[in-house]
């Protein structure tokens, strides 16, 4: 009886965790409509690739089943250090952290990269 109660409780916990994880989505960036049926959005993230993906995801939600045509794009880096120095410090920290077993320092923030796109739906 106790084993069955534990199994049921575990199953309920697992089901709740799966249900909650299904509700999570990537952060959405606001989309601004401009003249001539063009739109603009900015993806923000701790890496360039994630910022690009966030902006493109917002564009795809706006266009729904139509294709996203990017007219113009720009990337801005807003990190504490310049981009190259930040990478070198991160790599050096990772090497030292692996030697001394302390881990590497995380100098990145969630808004280090901004990827702005102008697009239209076709």
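Residues of the range 57-76 that are surrounded by 12 or more Cβ atoms within 10 Å (Cβ to Cβ) and closer than 13 Å to residue 121 by Cβ: 58, 59, 60, 61, 62, 63, 68, 69, 70, 71. Only one of the listed residues (95, 89) is modelled with pLDDT of 60 or more, surrounded by fewer than 16 Cβ atoms within 10 Å (Cβ to Cβ), out of contact with any strand residue (DSSP E or B) (no Cβ under 8 Å at 6 or more places or on another chain) and in a helix (DSSP H, G or I). That residue is 95.
The values are calculated or read from the model by the stated rules, or taken from the named source; none is laboratory data. Note that the coordinates shown come from a computational prediction; the quantities given were computed from them, not determined experimentally. Backbone-built Cβ (ideal geometry, glycine too); neighbour counts: all protein chains shown.
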